[in-house]
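Worksheet: one structure, shown below.
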Amino acid sequence: MFKNSLLLVIFLLQAFILTTSLSCTKTEELNDSPIDTIEQSVANKDAELNKLKEEVSNQRTEITSKSLQVSALEQSTRNLSDQLSEKADRLDTLEAKLNTSEAKLIEAERQLYQVEYPIAIMSSDDEIVTFESTPQRIIAFDSSAVEILFDIGESKKIVATHTFATHPKAVSDIPKVGDAFNLNLEAIVALEPDLVFVFYESNVAPLRKLGLKVLYIKTLDHDFEKTTELIKMWGRITNNMAGASKSIKTFNGSINLISKEVDSVTKGPRIFQDIGGLWTPGKNTLVNEVFDLLKADNIAKEIDGYAQISPEIILEKNPEIIITPNPEVFLDNKAYKNVSAVKNGKVYSLKSDSLSVPGPRFPNGIREIGRLIYPNKFENINNQ
């Protein structure tokens, strides 16, 4: 009995100890519950939320600032648009005034250059040729006349020319009624010209016998600056002094530029021009005047006009530059091997025929020779 009671006491004591132990364990587990963790998480979320609120506030501030900038830009754009519109209106007004002024200037220029008919031109055979009005159908038997008429803007009046006229390219479309010295009289009459211009005197009589108006002006053989007088003459004949004045201005401007290029030259090289068969231009020729302008020493300057010289004179004068259509005549002939131009490789051919026609292109020929004589000059002067 006592033993059983003791066992019961021991059992109850163990049960109490176990219960107490379990109670302590639960208390410890309760003390480590997730409440603290949740509170910390809530605190973190609050911090993140506050940070987001701050970022939103910053973004809102930035958006407000950008909006103000956009508004300012839009206002600036409107102001600029208004200014441009105002300037456009002013430009239209100025343009209208300019057009009016230009029209007045054109009319004043027309009156200034207006040719009063009748006009009279003295022919080279001392005949006075009178023009009651502007000729509309011109046969030009002279390359210079053809080039001048093209240059002043009167090419449409040319109904025919000769086969030697080759410039400008549009000349190829103009009918040819003979060469420079032989006329196709039947073809000329058929074209019903109101002016036939010739440079060769023997052509005058046959044409006048047919009742045609003929103006004979012999080709310039010296004083190339008189080219401007020919241009002026055609300006008067065609009642286009404005075009003639422009052409003259260009011609004189080109000559002045060429002259300036050789201002610093005191003495140019000795030069010989062979036009074929040792024929060469001497004094009182256009080419000799070109050499004078370029300060080159023409070895044939003592000859009057054109003449044929001997090889001995060439050897004696020893030109430093030779211009010829046939370089092989000098380069392949041992007789000329000691001539300075041959030894130094300064035997040239001209690429254009500008010097053969006293017209608007003549300065181009001067420039071409100038570049051969002075390779370092004329680099900034272009052909017209």
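The table below lists the values:
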quantity: Single unsatisfied condition, ILE314 versus (1) within 17 Å of ASP221 (Cα to Cα); (2) over 30 Å from the mean Cα position of the chain (by Cα); calculated: (1)
quantity: Unmet requirement for TRP279, which otherwise passes all of (1) within 18 Å of ILE366 (Cβ to Cβ); (2) exposed (fewer than 15 other Cβ atoms within 10 Å of the Cβ); (3) among the hydrophobic types (A, V, I, L, M, F, W, C); calculated: (1)
quantity: Residue among VAL146, VAL204 that is modelled with pLDDT under 95 and either out of contact with any Lys or Arg (no Cβ under 7 Å at 6 or more places or on another chain) or of a type in the set (Ser, Thr, Tyr) (or both); calculated: VAL204
quantity: In region 234-256, residue surrounded by the fewest Cβ atoms within 10 Å (Cβ to Cβ) [restricted to those that are under 12 Å from GLU154 (Cβ atoms) and of a type outside the set (S, T, N, Q)]; calculated: ALA242
quantity: Failed criterion for LEU286 (all others in (1) exposed (fewer than 15 other Cβ atoms within 10 Å of the Cβ); (2) touching a residue at least 60 places away in the same chain (Cβ under 8 Å); (3) touching a Phe, Trp or Tyr at 6+ places or on another chain (Cβ under 6 Å) hold); calculated: (1)
quantity: Given (1) surrounded by 14 or more Cβ atoms within 10 Å (Cβ to Cβ); (2) touching a residue at least 40 places away in the same chain (Cβ under 8 Å), number of the condition PRO325 does not satisfy; calculated: (1)
quantity: Helices (runs of 4 or more DSSP H) fully within region 131-247 counting 3 or more residues that are free of Cβ contacts under 8 Å to residues at least 60 places away in the same chain and either more than 20 Å from ALA120 (Cβ to Cβ) or not assigned by TED's automatic domain parsing to the domain that holds LYS283 (or both); calculated: 185-190, 204-209, 227-237
quantity: Test for LEU372: is it modelled with pLDDT under 95 and surrounded by 22 or more Cβ atoms within 10 Å (Cβ to Cβ); calculated: no
quantity: Residue selected from region 163-204 under the condition of a type in the set (S, T, N, Q) and in contact with a Phe, Trp or Tyr (Cβ under 8 Å, 6 or more places away or on another chain), by the criterion nearest to PHE150 (Cα to Cα); calculated: ASN203
quantity: Complete set of residues in region 263-301 that are in a strand (DSSP E or B), farther than 19 Å from SER356 by Cβ and of a type outside the set (Asp, Glu); calculated: ARG270
quantity: Filter result (among the charged types (D, E, K, R) and crowded, with 19+ Cβ neighbours inside 10 Å) within region 262-276; calculated: ASP274
quantity: Residue within region 263-279 that is under 29 Å from the mean Cα position of the chain (by Cα) and farther than 29 Å from VAL115 by Cα present; calculated: yes
quantity: Residue within region 321-344 that is assigned to a loop (DSSP other than H, G, I, E, B), of a type in the set (Lys, Arg) and within 36 Å of the chain's Cα centre (by Cα) present; calculated: no
quantity: Any hit, region 158-174, residues being of a type in the set (Ser, Thr, Tyr), under 27 Å from the mean Cα position of the chain (by Cα) and over 19 Å from LEU191 (Cα atoms); calculated: yes
quantity: Qualifying residue in region 346-364 (condition: touching a residue at least 24 places away in the same chain (Cβ under 8 Å), part of a helix (DSSP H, G or I) and over 22 Å from MET233 (Cβ atoms)); calculated: no
quantity: Filtered residue count, region 18-77, keeping only those that are at pLDDT 75 or above and among the polar types (S, T, N, Q); calculated: 17
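A quick yes/no check of all residues on (1) of a type in the set (Asp, Glu); (2) in contact with a Phe, Trp or Tyr (Cβ under 7 Å, 6 or more places away or on another chain):
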{"position": "ASP297", "(1), (2)": "yes, no"}
{"position": "GLN308", "(1), (2)": "no, yes"}
{"position": "ASN326", "(1), (2)": "no, no"}
{"position": "ASP332", "(1), (2)": "yes, no"}
{"position": "ASN338", "(1), (2)": "no, no"}
{"position": "VAL347", "(1), (2)": "no, yes"}
{"position": "GLY359", "(1), (2)": "no, no"}
{"position": "PHE362", "(1), (2)": "no, yes"}
{"position": "ILE373", "(1), (2)": "no, no"}
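The values are calculated or read from the model by the stated rules, or taken from the named source; none is laboratory data. These numbers were taken from a predicted model, which means no experiment stands behind them. Using ideal geometry, Cβ is built from the backbone for each residue, glycine included, and neighbour counts are taken over all protein chains shown.
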